[in-house]
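A short worksheet on the structure shown next.
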Amino acid sequence: MRKRTKFTIPSKYILAFLSCACAGLIVVSFLSEPFGTFVKDSAAKIVIPVQKGVNHVGLWLADKSDTLKEYARLQDENKQLKEKLDEIQAQNSILIQQQNELEKLRELYELDNIYSDYPKVAARVISAQPDNWFSEFTIDKGSEDGIQVDMNVIADAGLVGRVTYVGKNYSIVTTIINDESNVSAKSASTSDNCIVSGDMKLMNEGYIRVSNINQDAAIKDGDMLLTSYISDKYLPGILIGYITNITDDGNKLTKSAYLMPVVDFSQMEEVLVITQLKDSIEEETSE
Amino acid sequence: MLRNIVMALLIFIVFIIQTCFKQEITIGDVAPNLMLALICCIGFIYGKKPGMYCGFAAGLLIDLFYGYGGVIGLTAILLMNLGYVIGLFNEIFYSDDICIPVLLIVVSDLIYNFLYYCITFLLRGDLNLASYFQIIMFPEMIYTGFVSVFLYWFIKFLSVKIEKFEKRGEDKLVKGNFDKFD
């Protein structure tokens, strides 16, 4: 027989209680950062290793599937070489791995040459923001690796964004296409200043909005935009993208335009974090 | 006990899929909201209490890593209330029919995204609701609805298996739900 006399709290009271608890959490985590950091770090101890592991498994599987394709081709073409196949397969997988590594290292090296002034750390992208409203992602380096909040992140020779939260073994990067991001930029050829701000609507078309260009500025379609010296978070001279579609604003004072970023934000595997902060440069120059 | 462990594991796995494989599951710049679909499925199959607890846990997990502006509790409060409300439908409908849960998931995805928009965009003075509906809410709604068909089948299949496992050894052949028809 079922026990019906057991006392249970009606679930609507539990709901109300938990809702209040959530509201309390929102207030507490909004007001005190150490509390949030403590809770986040304890959760990260479990989740981040799993995310890293899943990433490794994904890469491993991709590697294996490449090898299998190669294997099938060889089997069709060289039936008489079946005895040698294992050997070839083993060699092949190593070669594919090395080839990928070589290409990636070459890319990173090329990047290095462009921004050789700044010290950098390479990091792997391990996960992304779960919803479609914002554009943030997690990298596998944290405060243990010397990452700090507001460090700039670059990839494919262009600006990706900056670090907005640092955990022990991970950090969260907010990209420049994120709706709340603003970057102060200047044209490489004419040094006109403008503001590059992420926009939800344009993000899907692959553009970022550029505003506050002076009406008299000689800026034209196809000009390179770099981060400017004015910005207090971004280091100067990092390529952001190419300007296009310049239009006059109604107020006869400013122009606005679209910017095509050099970074492909939908396909990011590895990024470089510049371990120098804008503040430290300013301190050096003032001393 | 077993079902609690399975549910916790499901939440964790869906979170990992949603975050680690977001690039792979994204079609046309829109990824489905798997976590929301999972919470709705749990709420619809198991009732309001499990739906509420799972929504709370899942929301908290998302908030800890990707909370809006570093704030913890926002997604938790949304998903928890969602799980509770969907759980209310458990008492009204049979969980064998696939149409109603999918419809509920589609509607709740729309409501969830609307509330999310209100909190994160509208409060900053961004009034482009129409265009956001066009580029995010509507595609995500359709995609989530499509994925939820398979997800619901899977969760339902799991729940039947778990029930069989838990009832093993007992001589009960009739489910508690059928008591009232006797």
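Among the residues making up the stretch A:148-166, a single one is in a loop (DSSP other than H, G, I, E, B) and buried (at least 22 other Cβ atoms within 10 Å of the Cβ): A:151. Tallying residues that are in contact (Cβ under 8 Å) with a residue 40 or more places away in the chain and facing another protein chain (nearest Cβ under 10 Å) within the stretch B:34-49 yields 5. Look through the stretch A:43-53, keep the residues that are within 9 Å of chain B (Cβ to nearest Cβ) and either under 19 Å from residue B:68 (Cβ atoms) or without any contact (Cβ under 8 Å) to a residue 40 or more places away in the chain (or both), and return whichever of them is surrounded by the fewest Cβ atoms within 10 Å (Cβ to Cβ). If we take residues in the stretch A:43-53 being within 9 Å of chain B (Cβ to nearest Cβ) and either under 19 Å from residue B:68 (Cβ atoms) or without any contact (Cβ under 8 Å) to a residue 40 or more places away in the chain (or both), then A:46 is surrounded by the fewest Cβ atoms within 10 Å (Cβ to Cβ).
The single residue among B:77, B:62, B:72 that is buried (at least 19 other Cβ atoms within 10 Å of the Cβ), at the interface with chain A (Cβ under 8 Å from one of its Cβ atoms) and not in a helix (DSSP H, G or I) turns out to be B:72. Does the stretch B:126-138 include one or more residues that are among the hydroxyl-bearing types (Ser, Thr, Tyr) and within 20 Å of the chain's Cα centre (by Cα)? Scanning the stretch B:126-138 turns up no residue that is among the hydroxyl-bearing types (Ser, Thr, Tyr) and within 20 Å of the chain's Cα centre (by Cα). Taken together, the criteria place residue B:129 among residues that are closer than 24 Å to residue B:28 by Cα and out of contact with any strand residue (DSSP E or B) (no Cβ under 6 Å at 6 or more places or on another chain). Regarding residue B:101, is this residue assigned to a helix (DSSP H, G or I), more than 16 Å from residue A:26 (Cβ to Cβ), within 14 Å of chain A (Cβ to nearest Cβ) and in contact (Cβ under 8 Å) with a residue 40 or more places away in the chain? Criteria not met by residue B:101.
Take residue B:93 and tell me if it is in contact with a Phe, Trp or Tyr (Cβ under 7 Å, 6 or more places away or on another chain), more than 10 Å from every other protein chain (Cβ to nearest Cβ) and more than 21 Å from residue A:130 (Cβ to Cβ). Can you show your working first?
Details: in contact with a Phe, Trp or Tyr (Cβ under 7 Å, 6 or more places away or on another chain): no; more than 10 Å from every other protein chain (Cβ to nearest Cβ): yes; more than 21 Å from residue A:130 (Cβ to Cβ): yes.
Taking the combined requirement at face value, the residue does not satisfy it.
Residues to consider are B:69, B:73; find the one that is within 24 Å of residue A:164 (Cα to Cα) and at pLDDT below 85. The match here is B:69.
For the stretch B:24-33, residues that are in contact with a Pro (Cβ under 8 Å, 6 or more places away or on another chain) and assigned to a helix (DSSP H, G or I) total 1. Look at the stretch A:91-102: where a residue is farther than 11 Å from residue A:64 by Cβ and in the same structural domain as residue A:62 (by TED's automatic domain parsing) and a partner is in a helix (DSSP H, G or I) and among the β-branched types (Val, Ile, Thr), sitting 6+ places away or on another chain with Cβ atoms under 9 Å, you get A:92/A:67. For the stretch B:96-120, a tally of residues being buried (at least 19 other Cβ atoms within 10 Å of the Cβ) and polar (S, T, N, Q) returns 2.
Residues of the stretch B:83-94 that are more than 20 Å from residue B:146 (Cβ to Cβ) and buried (at least 16 other Cβ atoms within 10 Å of the Cβ): B:83, B:84, B:85, B:87, B:89, B:90.
Applying the selection to the stretch B:110-137, what residues are assigned to a helix (DSSP H, G or I) and more than 11 Å from every other protein chain (Cβ to nearest Cβ)?
Passing the criteria: B:110, B:111, B:114, B:115, B:118, B:122, B:123, B:129, B:133.
Every test in (1) touching a Cys at 6+ places or on another chain (Cβ under 7 Å); (2) closer than 26 Å to residue A:127 by Cβ is passed by residue B:86 save one, and that test is (2). If you go through the stretch A:10-41 and keep only what is farther than 19 Å from residue B:69 by Cα and more than 9 Å from chain B (Cβ to nearest Cβ), you end up with A:10, A:13, A:16, A:17, A:20. Applying the condition of being small (Gly, Ala, Ser) and at the interface with another protein chain (Cβ under 9 Å from one of its Cβ atoms) to the stretch B:5-33 and asking which residue is nearest to the chain's Cα centre (by Cα) yields B:31.
Is there a residue in the stretch A:123-144 that is among the small types (Gly, Ala, Ser), surrounded by fewer than 19 Cβ atoms within 10 Å (Cβ to Cβ) and farther than 18 Å from residue B:66 by Cα? Please lay out each step first, then the result.
Residues of the stretch A:123-144 that are among the small types (Gly, Ala, Ser), as a first pass: A:123, A:127-128, A:135, A:142-143.
Filter once more, so that each one left must be surrounded by fewer than 19 Cβ atoms within 10 Å (Cβ to Cβ): A:143.
Among the residues that remain, those that are also farther than 18 Å from residue B:66 by Cα are: none.
Looking through the stretch A:123-144, none of the residues is among the small types (Gly, Ala, Ser), surrounded by fewer than 19 Cβ atoms within 10 Å (Cβ to Cβ) and farther than 18 Å from residue B:66 by Cα.
Would a scan of the stretch A:161-171 turn up a residue that is in contact with a Leu (Cβ under 9 Å, 6 or more places away or on another chain) and either within 14 Å of another protein chain (Cβ to nearest Cβ) or of a type in the set (Gly, Ala, Ser) (or both)? No, the conditions are met nowhere in the stretch A:161-171.
The values are calculated or read from the model by the stated rules, or taken from the named source; none is laboratory data. If you're wondering where the values come from, they're calculated on a predicted model, not measured in any experiment. Note that each Cβ is placed from the backbone with ideal geometry, even for glycine, and that neighbours are counted across all protein chains shown.
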